[in-house]
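Worksheet for the structure shown next.
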Amino acid sequence: MNVQDGVSLEHLREFWQEATNGGSLDKHDPRTIVAACRRLDPAADRRLREQLLNHLCATAQRILRPQVSARHENRGEDAVLEVVGAMVVSILDPDSADGIGFETSFRGRLKTRLIDRVRKEEARRKVIRHFDTDPDDGTILEPRDWQSFSQEDMAVISSALDSLPPNQRRALLLRRSGFGYTGPDGESISSMLGVTPKTAKDWVERAEKHLLAELGREI
């Protein structure tokens, strides 16, 4: 049972508003903040809940980032943001078992969700490695290892992504996220973008050529 359960909603609201305004949220256990978010009124306390959730997101990112390897997609940033986003959804859902779990073990639940996310990423990579084929000749394709680039290179690539045509940028980001050109309905670049596998491959190759040119390298 949460210690806040015996406190009136009015006093709960006053307590956390004071903590938020006073900048003292770091002094409180994240589990109690999760419990407060789940008990406060979604309509009447919308602003206060947003402030508490923003604090929880920042706390979760500080916990997660040291635990994920830079060898993962986007140097682990995608995994962290996905886990944090799922955390927010579960906290806001009054029927979510995960939301209750974050009240019980904030760090433990984050670690479990991060492990699940990394396992899914590794599984996607294995699927690509063994089953993604070239739509032109049917040969097995290996995705480019973007994780081999340095942090400076990745900064250049991140900036250059904005200069790509939207279709090429989306195709490349999906490719980097582990999706193949072909695959089950809804699980391939071609199906998600509504184009043929050959077109999807062409967009990715054009995008890669542009980014590597920005780095002064050949494809």
Can you compute 3J(HN,Hα) from phi for each residue in segment 92-100, using the Karplus curve 6.51 cos²θ - 1.76 cosθ + 1.60 with θ = phi - 60°, rounded to whole Hz and x for Gly and Pro?
6, 8, x, 9, 7, 5, 5, x, 5
Normalised per residue, the volume of the convex hull around the Cα set of segment 11-75 (Å³)
105 Å³
Between Ser96 and Leu193, take the C-beta separation as r, use R0 = 22 Å, and let me know the FRET efficiency to the nearest 0.05.
0.10
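Since every read-out is calculated from the coordinates, none of them should be taken as a lab result. In this text, all values refer to a predicted model and were calculated from it rather than measured experimentally. Positions of Cβ are backbone-derived with ideal geometry, glycine not excepted, and every protein chain shown enters the neighbour counts.
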